[in-house]
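Okay, so here's the structure we're looking at.
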Amino acid sequence: MGINLLYPEYEVARNMDRCINCRVCERQCANEVHSYDKEKKIMCSDDSKCVNCHRCVALCPTRALKIVKTDHTFKENANWRGSIINEIYKQAESGAVLLSSMGNPNAYPVYFDKILLNASQVTNPSIDPLREPMETKVFLGSKPNSIQRDKDGKLVNNLSCGIELSVPIMFSAMSYGSISYNAHESLARAAREAGILYNTGEGGLHKDFYQYGSNTIVQVASGRFGVYKDYLEAGAAIEIKMGQGAKPGIGGHLPGTKIVGDISKTRMVPEGSDAISPAPHHDIYSIEDLRQLVYSLKESTNYTKPVIVKIAAVHNVAAIASGIARSGADIISIDGFRGGTGAAPTRIRDNVGIPIELALASVDQRLREEGIRDNVSVVVGGSIRNSSDIVKAIALGADCVYIGTAALIALGCHLCRSCHTGKCNWGIATQEPELVKRLNPDMGYKRLVNLVSAWKHEIKEMMGGMGINSIESLRGNRLMLRGVGLNEKELQILGIKHAGE
Amino acid sequence: MIWRYFVTPLPTKLDESQLDEREFTARCVMKINKGIEGAYVFSSGKNMGVFKAVGFPEDVGEFYKLYEYAGYCWTAHGRYPTNTPGWWGGAHPFALLDYSVVHNGEISSYDTNRRTIEMHGYKCTLLTDTEVITYIIDYLNRKVGLTLEEIAGVVAAPFWQVIDNMPQGEKEKYSYLRKAFSSMLITGPFSILAGFEGGIMALNDRLKLRSMVIGEKDDMFYAASEECAIRVLEENLDRVWSPKGGEAVIATLNRGVL
Ligand code: SF4
Ligand code: SF4
């Protein structure tokens, strides 16, 4: 190996006046940043290993630690930025594809931040959610095209099976394998308590979690890991994963080193062999093939489970969604380019796909123009960060949102974007027993339930302010939105007016 | 400029369209309202007329010579334009075929309702909430085949907590209506009078954010925002009452008040 040309991105700043040499940081850091120098009797750090996950900072009893961005710098260059130079050094050294995790961190526009909500004044009273009922319950699934009556003239229930949620939020797909057993347990229990659903991702369903079946979406991805009859029947809905916002167009790869024990059993992949999800489903090469898979899944579960088709938000997402709406799917899920992942090639994560706000607006509009919006429900994900993002997404036309990264943050994730190393110090994106046990599911699930109920309160407040007392009357209600700092084209795609109009 | 024509669809055109007469007429109305700038069809019923104007009620009555008409059901609406300057075309009722709607309020679900009803061939050209309510009633009644009472269960649907406590049959019916037609729920304050062939329906929003009073005298039925309006017409009422929010009061020509 030649000279290491990389200077660490972050520095561990240790206040020596405060440090009591308790060595907590040393034990807590799976990246082995901290060590004790017996001779000098002081703690030392190796900044080059630090991923900035804040585990040591949070646990240091004397608040002796903080992590700072290094002020070491290359000669300033707006084109050849430091990060770009460093990536070239890395690849020149390794000859490999750059890997990263979580969502696209780059400074693309965040449309949610450029949209403002309405509130009632004078002519239309706002509604106080503490005094009046404020409904957030939603049903996902296709709506009938016509009514039927029995011989006495009574309406016949011709609704297809669907999903009922107490609030339009679901935990998005995160597989057992990419995240830990304890993280999965927290999600499953929280979903049950909050009256919503979580999603198995493509890793199968651990036998311990079958009991949460009615709050589970079971996923069928291109690798078909862990898919069999009991699995399909266990969930409340089945999701076909065609794509993922963090890495549209490519598959997944869980290295053999992680396929151990229960994960191997759950995925139905022999221990130690890589679990490779191909980029396409090898039985889906066009829309008619998708239709076949939708109906095979429905057939094998006796038409008792709604089928979700999940796609990444890509350029002609509206046309794709229109095809899916005619494929027999009950729900379309669209994942924006900021969606998270356990591991993705950096170039793909940072350069492929489009923002969810634009994708959602154009899908909703296209389905309406074709008169088929009610054939399907639309669920969106890919960086829903708070309750106002949810309200804006619903007003743009979504039925419900998926949250992934936000849920992990609730569990303690500090967005260090190092999930692909498998050494998550917070016990989330790891399978090392020592690390996994740091996440206590009894506390984890409560934090998730708290997050969902806090957001529910906030959603109700915002709805009440707009004089709307049922979330159904917010869906697609774009007059409640105004853009700020958006150009004509952006406003046109979002289907909203500019503030002041 | 107001023109009044009495027209029937050209039989050959009607046959060619393969539509029933009402659908054919409704589509012509949409086509004119959307396609011809400045032209609107305000009245397109068979046994129903709509008269709009800006001015005092007595002058309007005079202008249209209302004393020359006889009818079993009248709705009148004096509008204090909430959010837009007064324009005679914006006066209520809004009507399509034999459905007419007068509305007091401002609905907060407007764009949800508009974007939904426009999927079914309607074009909201007047940009008022009353127009969208009229089309929803026409769609649900004429095209989908729901009864007026069921329509009330869609547009002013009971809260889930109320539905959950209903007896089994009712519970099934109302939860079906809410799930199947969720985008046609109307929120925000409204009290509406919907005229149809053979009767009238009075309906409040489910929180009763607007007032609505019903009066009965012999076989006459009165509905108004304020009781005093009814008292002007009939001082000695047999019964005066306020329906609950979301409770539809339907009066028909031969079957009385439902
Ligand atoms: S955890 Fe804090 S006090 Fe303990 S050794 Fe590390 S820096 Fe020092
Ligand atoms: S899950 Fe863990 S490894 Fe991944 S970003 Fe969060 S803290 Fe870092």
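At a glance:
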{"read-out": "Residue satisfying all of: in the range A:384-412; touching a residue at least 40 places away in the same chain (Cβ under 8 Å) and over 22 Å from A:Met463 (Cβ atoms); nearest to ligand 1 (Cβ to nearest atom) among these", "value": "A:Leu411"}
{"read-out": "Answer residue from the range B:158-177, given it is touching a residue at least 24 places away in the same chain (Cβ under 8 Å) and within 8 Å of chain A (Cβ to nearest Cβ) and is least open to solvent (accessible area, probe 1.4 Å) among those", "value": "B:Leu177"}
{"read-out": "Exclusive hit being among the basic types (Lys, Arg), within 30 Å of the chain's Cα centre (by Cα) and away from ligand 1 (no atom under 16 Å from the Cβ), set A:Lys90, A:Lys66", "value": "A:Lys90"}
{"read-out": "Every residue from the range A:3-16 that is more than 22 Å from A:Thr421 (Cα to Cα) and either in contact (Cβ under 8 Å) with a residue 60 or more places away in the chain or within 11 Å of ligand 1 (Cβ to nearest atom) (or both)", "value": "A:Ala13, A:Arg14, A:Asn15, A:Met16"}
{"read-out": "Index of the failed condition, A:Leu435 passing every other in (1) more than 30 Å from B:Glu118 (Cα to Cα); (2) touching a helix residue (DSSP H, G or I) at 6+ places or on another chain (Cβ under 8 Å); (3) at pLDDT 95 or above; (4) crowded, with 22+ Cβ neighbours inside 10 Å", "value": "(2)"}
{"read-out": "The one condition in (1) within 14 Å of chain B (Cβ to nearest Cβ); (2) open to solvent by less than 10 Å² (accessible area, probe 1.4 Å) that A:Val452 fails to fulfil", "value": "(1)"}
{"read-out": "Residue in the range A:395-406 that is surrounded by fewer than 17 Cβ atoms within 10 Å (Cβ to Cβ) and under 21 Å from the mean Cα position of the chain (by Cα) present", "value": "no"}
{"read-out": "Candidates A:Gly235, A:Gly252, A:Gly261, filtered to the one that is at pLDDT 85 or above and under 30 Å from A:Arg291 (Cβ atoms)", "value": "A:Gly235"}
{"read-out": "Enumeration of residues in the range A:45-63 that are within 14 Å of A:Glu11 (Cβ to Cβ), hydrophobic (A, V, I, L, M, F, W, C) and more than 10 Å from ligand 1 (Cβ to nearest atom)", "value": "A:Cys50, A:Val51"}
{"read-out": "All helices (runs of 4 or more DSSP H) inside the range A:359-455 with 1 or more residues being within 29 Å of A:Gly495 (Cβ to Cβ)", "value": "A:387-396, A:405-410"}
{"read-out": "Elements of type helices (runs of 4 or more DSSP H) in the range B:45-147, at least 1 residues being crowded, with 18+ Cβ neighbours inside 10 Å and more than 12 Å from every other protein chain (Cβ to nearest Cβ)", "value": "B:57-63, B:129-138"}
{"read-out": "Flag if A:Lys151 is under 22 Å from B:Asp164 (Cα atoms) and either more than 14 Å from chain B (Cβ to nearest Cβ) or open to solvent by 10 Å² or more (accessible area, probe 1.4 Å) (or both)", "value": "no"}
{"read-out": "Among residues of the range A:457-481, those that are closer than 17 Å to A:Val167 by Cα and either touching a strand residue (DSSP E or B) at 6+ places or on another chain (Cβ under 7 Å) or crowded, with 22+ Cβ neighbours inside 10 Å (or both), counted", "value": "13"}
{"read-out": "Selection within the range B:205-218 - within 14 Å of another protein chain (Cβ to nearest Cβ) and either open to solvent by 10 Å² or more (accessible area, probe 1.4 Å) or not acidic (Asp, Glu) (or both)", "value": "B:Arg206, B:Leu207, B:Lys208, B:Leu209, B:Arg210, B:Ser211"}
{"read-out": "Among residues of the range A:353-394, those that are open to solvent by 30 Å² or more (accessible area, probe 1.4 Å) and in contact with a strand residue (DSSP E or B) (Cβ under 8 Å, 6 or more places away or on another chain), counted", "value": "1"}
{"read-out": "Flag for A:Thr421 being open to solvent by less than 10 Å² (accessible area, probe 1.4 Å) and modelled with pLDDT under 95", "value": "no"}
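The values are calculated or read from the model by the stated rules, or taken from the named source; none is laboratory data. Keep in mind it's a predicted model, so treat the numbers as computed, not measured. All Cβ positions, even for glycine, are placed from backbone atoms using ideal geometry, and neighbour counts span all protein chains on display. Ligands, DNA and RNA are stripped out before the accessible areas are found, and what is left, the full protein with its side chains, is counted by its heavy atoms. Shrake-Rupley method; radii C 1.70, N 1.55, O 1.52, S 1.80 Å.
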